[in-house]
Amino acid sequence: MKQFAIVILFSLLTTLANAGTAKLKPYKGNLRTPALQLKDLNGKTHDLTQYKDKIVLVQFWATYCAPCRTEMPSMNRLQNKLKNMPFKILAVNMAEDSGEVRAFVKEVKPEFTILLDSNGHYLQQWKVFAAPANFIIGKDGNIKYTLYGGIEWDSDEIIKKLTELM
């Protein structure tokens, strides 16, 4: 019942977050990035600190999130456009069963790293209240931009902001 209530709450907040036009916003909170150490679908552990000197897009997403599904192809294109630059995408699933995540991945075919936050531990640390929740981490390891809601990640505006950070 608790997990069902969480799904309903995130679905509602996701809808509200996507009601307007989503844009990257300079992060005004504590620039210190919370820890992030999770396993991918193959069991390999990824620690955000291992991506020092790279720009990292950390996205918290869910299989039931329509904007997450819609924007993942543009994330693939973004990664491809920035393939020769110090850039990485870490997409963190929000406390769903690995079977659900695997089915989603098989259908949507993301070409970037999918991490599993099976118990939702990092949602609270990162203050995630809607899906998708996006954080752009600079080379210094600090949060530079945030975005709640879906967006076309391979737009000229986004690519310009990311390359300026490099």
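Here are the numbers:
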quantity	calculated
Residue that is closer than 17 Å to Phe87 by Cα and polar (S, T, N, Q), where the choices are Gln50, Gln37	Gln50
Subset of the range 95-143 that is within 22 Å of Asn30 (Cα to Cα) and touching a helix residue (DSSP H, G or I) at 6+ places or on another chain (Cβ under 6 Å) - its residue that is surrounded by the fewest Cβ atoms within 10 Å (Cβ to Cβ)	Phe129
Meets criteria (under 18 Å from Glu157 (Cα atoms) and at pLDDT 95 or above) for Pro67	no
Selection count, the range 136-165, where residues are hydroxyl-bearing (Ser, Thr, Tyr) and assigned to a helix (DSSP H, G or I)	1
Test: residue in the range 102-117 that is touching a His at 6+ places or on another chain (Cβ under 9 Å) and not in a loop (DSSP other than H, G, I, E, B)	yes
When residues of the range 21-74 are limited to those that are among the β-branched types (Val, Ile, Thr) and assigned to a strand (DSSP E or B), the one farthest from Gln124 (Cα to Cα)	Ile55
Meets criteria (of a type outside the set (Lys, Arg), farther than 16 Å from Cys68 by Cα and under 13 Å from the mean Cα position of the chain (by Cα)) for Ile151	no
In the range 75-95, residue nearest to Ala22 (Cα to Cα) [restricted to those that are aliphatic (A, V, I, L, M) and outside any strand (DSSP E or B)]	Met75
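The values are calculated or read from the model by the stated rules, or taken from the named source; none is laboratory data. Keep in mind that what you see is a predicted model, and the values were worked out from it rather than measured. As a convention, Cβ positions derive from the backbone with ideal geometry for all residues, glycine included, and neighbour counts pool all protein chains shown.
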